Amino acid sequence: MVSRRAKNILIGKPGTSLANKTGGWRVFFPVVDKMKCVACGMCVMSCPEGCMQTTKETKTLVDLDYCKGCGICAKVCPKTAISMLKEEK
Amino acid sequence: MSTVKLFNAGHTACSGCGESLAARLVMEAAGPNVIVTNSTGCLEVFTTRSPQTAWGVPWVHSLFENSGALATGIVAALKAQGKENEARVMAFGGDGSTADIGFGIISGMWERGDDVLYVCFDNEAYMNTGIQRSGLTPFMGATSTSPAGSVTGGNQKQKKNLPMIAVAHGVKYVATASVGYQKDLQNKIKKALEIRGPKYIQILVTCPLGWGSDSSLTIQLGRLAVETGLYPLFEVEEGKITNTMNVAKPKPVEEYLKLQTRFRHISKKPEEIAKIQAIADANFKKYKKDSVLF
Amino acid sequence: MKKVTEGLKAIAETVALCRPEVVSAYPITPQTHIVEELSVIVANGRLKCEFINVESEFAAASVVLGASVAGVRAYSTTSSQGLLLMAEVLFNMAGMRLPVVITDANRAVSAPINIWNDWQDTLTIRDAGMIHLFAEDNQEACDMHLQAFKIAEDHEVMLPVMVNLDGFILTHAFDPIEFPSQEEVDKYLPKYVPLEKLDVKNPLSFGLMGGPDRYLETRYAMAETMKTCPAVIRKAARDFNQMFGRNYGELIEEYKMNDAEIVLVSMGSIISSMKDVADELRAAGKKVGVLKIRCYRPFPVEDIIKALCGKKKAIILEKALSIGGVGILTADIKASLYGQKNVPEISDFILGLGGRDIRISDIKAIVARAEKENVKGEFYGLDPKLVEEMDK
Amino acid sequence: MIEIRLHGRGGQGVVTAAELLATAAFLDGKHTQAFPTFGSERMGAPVASFVRISDNPIRVRSQIYEPQHVIVQDPTLIGTVDVFAGLKAGGLVLINTEKPVSELKIKGSGNVVTIPATQIAMEIIGRPIPNTVMVGAFAALTGIVTMDGIRKAMAHKFKGDVAAKNVVAAEKAYNMLKK
C-alpha cells in the first residue's frame with residue numbers, strides 16, 4: 001500500500017500543459033492568406049508555441065487556443081501571407 | 001492539434017520567446033527516447049507549473065546549479081539497470097546556470113566524460129529573475145546589474161567563451177547554434193546524440209523581454225547575431241573546427257544592436273559600436289573551418 | 001561473521017551488502033575511509049555498482065539524487081562542511097520524496113576549522129525533511145544502514161535517511177563487528193521498487209514548480225509522513241532484531257529506566273559511557289537511568305513523554321547548540337514535555353564540542369552538579385585559562 | 001579491563017599495532033576496542049593509539065588517561081611526549097631501542113623493558129617498521145594476548161609474504177622475551 005502522503009504530488013503527466021489555453025494572452029492574431037500561402041513550413045518551424053501546422057491541401061492552420069500573437073510567423077513568411085490583426089475583445 | 005507532443009503548448013513563456021522555440025526544436029530533433037534534466041530558470045518555470053507540464057519526455061528539475069550532476073546520476077542509473085541504450089540523457093540550462101553557478105558541476109561532468117548532451121539556452125542574462133548580468137552577457141549589453149549608467153554603460157566584461165572551455169575539457173562534440181537557423185540547430189542536436197560521451201551545444205535564444213526587442217523579431221535577431229559575426233556558428237569535433245556557418249556578406253553590428261534596447265545607450269556612440277564591431281571582425285578570423293583548437 | 005574492523009570500513013562493507021546501484025561521494029575527514037573502501041570494493045568487482053567520482057559534496061548529492069529519480073538505490077556519505085555544502089540538495093531530495101541513504105560522520109563546523117566530533121553539522125540541517133538516526137556504536141551504525149534503506153524505501157515513507165555516527169570516536173575505532181551474509185541482507189532488504197521513475201515508456205515530469213497553491217500541501221505531506229513513519233521505523237528495528245538477534249531499541253532506547261529517578265539523556269556514542277556511569281552510580285545507591293535518542297527526526301515526542309514524565313530529574317548532554325538559542329536537543333525535549341503532567345526538572349549541558357573528550361569522570365561530575373541545582377545550557381569543561389584570556 | 005596506550009610517530013604503524021592487539025585479543029576470546037588519537041597527523045609527527053581488552057563487553061568511548069601498560073615505538077619521543085602520563089603502578093613500559101635502559105632519560109616509574117624492534121624489523125621484514133615486533137614482545141611480557149592470537153591477527157591484516165615475515169619478526173621478539 002502506498003500512503004497518499006508519501007506520494008509526490010509534484011509529478012506531471014505528459015500533455016497536462018495543454019489545459020492551459022494561452023490564446024487569451026493575444027493582442028494581435030495571425031490571419032493566413034491561403035491564396036499566397038505555399039505551405040513552405042517556415043512559420044511552423046518558427047512558432048514558439050508549436051501551434052501552426054501546414055499541408056499542401058489545407059495550407060497553414062493556426063491553433064488559436066495557444067497562439068500568443070507574437071507575430072514571428074508573419075515576419076518569417078517568405079510570401080507575406082500572414083498578417084497580424086488586432087483582437088477585438 | 002491537441003495531440004501530446006514531446007514539447008507541448010500551454011507553457012507560459014513570454015510571447016515570442018526564443019528559448020521556448022529552441023526547446024521545442026531540440027525536442028523534435030531528439031525524439032522520444034531521451035531523458036531531460038533541467039536547471040532552474042525560465043525554461044523550467046514556464047514549462048512546469050504544477051500540476052501541468054509541457055514535457056512529453058521524462059524530465060526532471062532539481063536545482064539551479066545541478067542539472068549536469070543529475071544527468072550523471074541518471075546515466076549511471078541507466079547503466080546500473082543495463083538500460084544505457086534505452087534512452088539518451090540531455091541536460092538543459094540557461095546561460096546563468098551553465099556559465100556561472102553550475103559551471104563547476106558541468107566541468108566535473110565533462111572531465112568524467114559522462115555520456116550527456118548538455119544544451120545551454122543562451123539568452124545572455126538571468127532573465128528568470130529580471131535580467132541580471134551573467135557570464136554570457138555580451139560586452140556593453142545593459143542588464144539590471146550592469147546598467148547603462150552615466151559613468152559606465154552596460155556590461156564591461158567580455159562574454160565568457162564557454163564553447164572553447166568545453167573544447168579544452170576534451171568534450172567530443174561542441175557546437176554553437178542559433179534560434180535563427182532552425183534546421184542547423186536540429187541537425188546539430190541529431191548529430192550530437194549520435195555520439196557517445198560528453199557533448200555541448202550552446203544555442204543563442206532571443207529574449208524579447210531581456211533584450212528589449214519586438215516579439216516578432218526573434219528569428220531575425222537570431223540570424224543577425226550570426227550574420228554580423230557576433231555569434232559565430234561552428235562545430236568542433238575532437239578539438240578541430242569541422243564546420244563554420246559561412247557568412248558571405250557580413251552585416252555591420254549596428255544592424256543587430258539597433259533593434260535591442262539593451263544596446264540603446266551606445267546607439268549614438270560610434271566609438272563604442274566600433275569596439276563591438278572589432279569583436280565581430282575577430283570572430284570571423286578566429287572560427288575558421290579546419291582550425292585545430294586543441 | 002565477526003571480525004575486528006575499523007568503523008568506517010565496516011560501514012563500507014555493510015553498505016556494499018545493501019547493494020546500492022549508484023554510489024557517489026566526496027572525501028572529507030573523518031568520513032574518507034568509507035568512500036575509499038567502497039571504491040575498492042567496486043574496483044574489485046565485489047559490488048556491481050556505478051561508483052561516481054565527483055568534484056564536491058554538492059555534486060555527490062546531486063548525482064545520487066539523479067540516480068534515485070531514475071529509479072535505483074543510491075547512497076552517499078559525508079561530514080561537516082561537506083554536509084553543509086550538500087544542504088541545498090538534501091532539502092530538494094526530501095521534497096522530491098527520494099529514498100537516498102546518506103551516512104554522516106558527525107564533525108564540528110568551521111570556524112575555527114576543526115575535524116573532530118560534535119553534532120553541529122547534522123543538527124544544523126535537521127529541518128531538511130530527512131529522517132535522522134544516531135548510532136551508539138559501530139555495530140549499531142552498521143546495522144542501522146540496513147534499517148535505513150528499508151525505512152527510506154518503504155512506500156509509506158519515501159524520504160531520505162541520514163545515518164549519524166560520531167566522527168573519530170566511532171569512525172576510526174576498531175571493534176569486533178558481526179557482518180551478516182549477503183543472503184541474510186537480501187532477505188531483510190529486498191530490491192528497491194520505486195513508486196515512479198524517469199522512464200521513456202512513461203514520460204513523467206519530476207520536480208515541478210509548486211506555487212502558493214500547492215507548496216503548502218507538499219510540506220504538509222512530508223510533515224504527516226514524519227508522524228506516521230515511526231511505525232515503519234519501529235517495524236524495521238523489530239524485524240531486524242528478529243532476524244539478526246540484535247536490539248538497539250526503536251525510536252529510543254531505555255537503559256535501567258524502570259525505577260530511575262535521574263535520567264541521563266543524549267544520542268550517539270556518549271550513550272555507552274553514560275550506561276557505564278549509570279551502573280557505577282547505581283552501585284553507589286543512586287537510581288540513574290539512560291535515555292538514548294536513536295531517531296532524532298522524526299522526534300519521538302510520545303516515547304520521550306512516556307520515558308521522562310514521572311522521573312525526578314532529566315540531565316541532557318548535548319554536542320551542539322543553536323547559538324543565540326539553547327541546546328538543540330534540549331529545545332526539542334522541552335517542547336515535547338510542555339503541558340504534560342509530572343514533568344522532570346531538566347538540566348542541560350553543552351559539552352564535547354569540536355572533539356573535546358568526555359570521560360566517565362566528566363559525566364559523574366555533571367550528575368553531581370545537576371543534583372545540586374537545575375542547570376540551564378551550561379558549557380561543561382571549559383578551559384578556565386582560555387576563558388580568562390578571552391575576558392582580558 | 002586492561003587499557004594500553006601506544007606511542008610512536010606517524011608512519012610507524014602504531015594504529016596497526018593497536019588493531020593487531022585488539023584483533024589478537026578478540027581471537028583469544030576477549031572483548032576489545034582499539035582506536036587512534038584523533039587527528040590528521042603527518043609522517044613523523046608524534047601519534048598515539050589505544051587498546052582496551054576485557055572479559056566483559058566494553059562500552060566506554062573516551063580516550064585512555066590511566067593505562068596499565070605503555071608501548072613506545074620511538075625512543076626519541078621520550079622527553080618530548082609524556083609517555084608515562086597516568087601510567088598505573090607496576091605497569092609495563094615497553095620501549096623500542098637498542099640502548100640499555102640506563103641510557104634513556106626516564107623519569108617515571110614502571111617496569112621498563114627495551115627491545116631493538118627496528119633492528120629486528122630491518123633484519124626480518126626489510127623495513128624499519130617496528131610495530132609487529134613490539135606486539136610480539138608485548139605478548140611475551142604480559143600474556144594479555146597470545147602468540148597464536150597474534151599470528152591469526154596478522155593473517156587477517158596482511159597478505160602472503162608480508163604476513164609471513166611479520167609473524168617471524170613477532171615470534172623472534174616473543175621468544176627473546178618469553179620467560
Wholly within region C:294-372, which helices (runs of 4 or more DSSP H) include no fewer than the required count, namely at least 1 residues that are touching an Asp or Glu at 6+ places or on another chain (Cβ under 9 Å) and farther than 23 Å from C:VAL277 by Cβ? C:301-308, C:328-337
Checking C:MET226 against (1) touching a residue at least 24 places away in the same chain (Cβ under 8 Å); (2) facing another protein chain (nearest Cβ under 9 Å), which test does it fail? (2)
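Within 21 Å of the chain's Cα centre (by Cα) and open to solvent by 10 Å² or more (accessible area, probe 1.4 Å) - does that describe any residue in region B:84-95?
Checked region B:84-95: at least one residue is within 21 Å of the chain's Cα centre (by Cα) and open to solvent by 10 Å² or more (accessible area, probe 1.4 Å).
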Would you say B:GLU19 is at the interface with another protein chain (Cβ under 10 Å from one of its Cβ atoms), among the acidic types (Asp, Glu), closer than 30 Å to B:THR3 by Cβ and surrounded by fewer than 24 Cβ atoms within 10 Å (Cβ to Cβ)? no
Any residue in region D:1-16 that's over 13 Å from D:PHE84 (Cα atoms): show its pairings with residues that are of a type in the set (Asp, Glu) and open to solvent by less than 30 Å² (accessible area, probe 1.4 Å) at Cβ separation under 8 Å, as long as the two are six or more apart or on different chains. D:GLY8/D:ASP74; D:ARG9/D:ASP74; D:GLN12/D:ASP74
Answer yes or no as to whether B:VAL57 is within 7 Å of chain A (Cβ to nearest Cβ), more than 17 Å from B:ASN123 (Cβ to Cβ) and β-branched (Val, Ile, Thr). no
Mind telling me which of the residues C:ASP199, C:ASP137 ends up being open to solvent by 30 Å² or more (accessible area, probe 1.4 Å) and within 14 Å of chain D (Cβ to nearest Cβ)? C:ASP137
Per-region count, region D:37-59, residues in contact with a His (Cβ under 9 Å, 6 or more places away or on another chain) and either more than 11 Å from chain C (Cβ to nearest Cβ) or open to solvent by 10 Å² or more (accessible area, probe 1.4 Å) (or both): 10
Picking from C:ASP121, C:ASP127, which residue would you name as being surrounded by 24 or more Cβ atoms within 10 Å (Cβ to Cβ) and not in a loop (DSSP other than H, G, I, E, B)? C:ASP121
Please verify whether region B:95-104 includes one or more residues that are closer than 14 Å to B:ILE201 by Cα, touching a residue at least 24 places away in the same chain (Cβ under 8 Å) and either charged (D, E, K, R) or part of a loop (DSSP other than H, G, I, E, B) (or both). yes
Among (1) more than 25 Å from C:LYS275 (Cβ to Cβ); (2) more than 14 Å from chain B (Cβ to nearest Cβ); (3) surrounded by fewer than 14 Cβ atoms within 10 Å (Cβ to Cβ); (4) of a type outside the set (Asp, Glu), the one test that C:GLY211 misses: (2)
Identify, by number, the condition in (1) closer than 30 Å to C:LYS201 by Cβ; (2) buried (at least 24 other Cβ atoms within 10 Å of the Cβ) that C:PHE51 doesn't meet. (2)
Hey, B:GLY73 crowded, with 24+ Cβ neighbours inside 10 Å and facing chain C (nearest Cβ under 7 Å) or not: yes
Taking region B:34-43 on its own, how many of its residues are within 14 Å of chain A (Cβ to nearest Cβ) and without any contact (Cβ under 8 Å) to a residue 60 or more places away in the chain? 3
Listed by first then second residue, the pairs whose first member lies in region D:49-72 and is more than 22 Å from D:VAL113 (Cβ to Cβ) and free of Cβ contacts under 8 Å to residues at least 60 places away in the same chain, whose partner is in a loop (DSSP other than H, G, I, E, B) and hydroxyl-bearing (Ser, Thr, Tyr), with beta carbons under 9 Å and at least 6 positions apart or on separate chains, are D:ARG61/C:SER269; D:GLN63/D:THR37
Among what's in region A:48-66 and is free of Cβ contacts under 8 Å to residues at least 40 places away in the same chain, touching a Phe, Trp or Tyr at 6+ places or on another chain (Cβ under 9 Å) and not small (Gly, Ala, Ser), pick the residue that is farthest from the other protein chains (Cβ to nearest Cβ). A:VAL62
Top-ranked residue of region C:381-392 - restricted to ones that are away from every other protein chain (no Cβ under 14 Å) and not in a helix (DSSP H, G or I), ranked as surrounded by the most Cβ atoms within 10 Å (Cβ to Cβ): C:LEU382
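The values are calculated or read from the model by the stated rules, or taken from the named source; none is laboratory data. Note that the coordinates shown come from a computational prediction; the quantities given were computed from them, not determined experimentally. Every residue, glycine among them, receives a Cβ derived from its backbone with ideal geometry; neighbour counts consider all protein chains shown. Heads up: the accessible areas ignore ligands, DNA and RNA and are worked out on the full protein's heavy atoms, side chains in. Shrake-Rupley method; radii C 1.70, N 1.55, O 1.52, S 1.80 Å.
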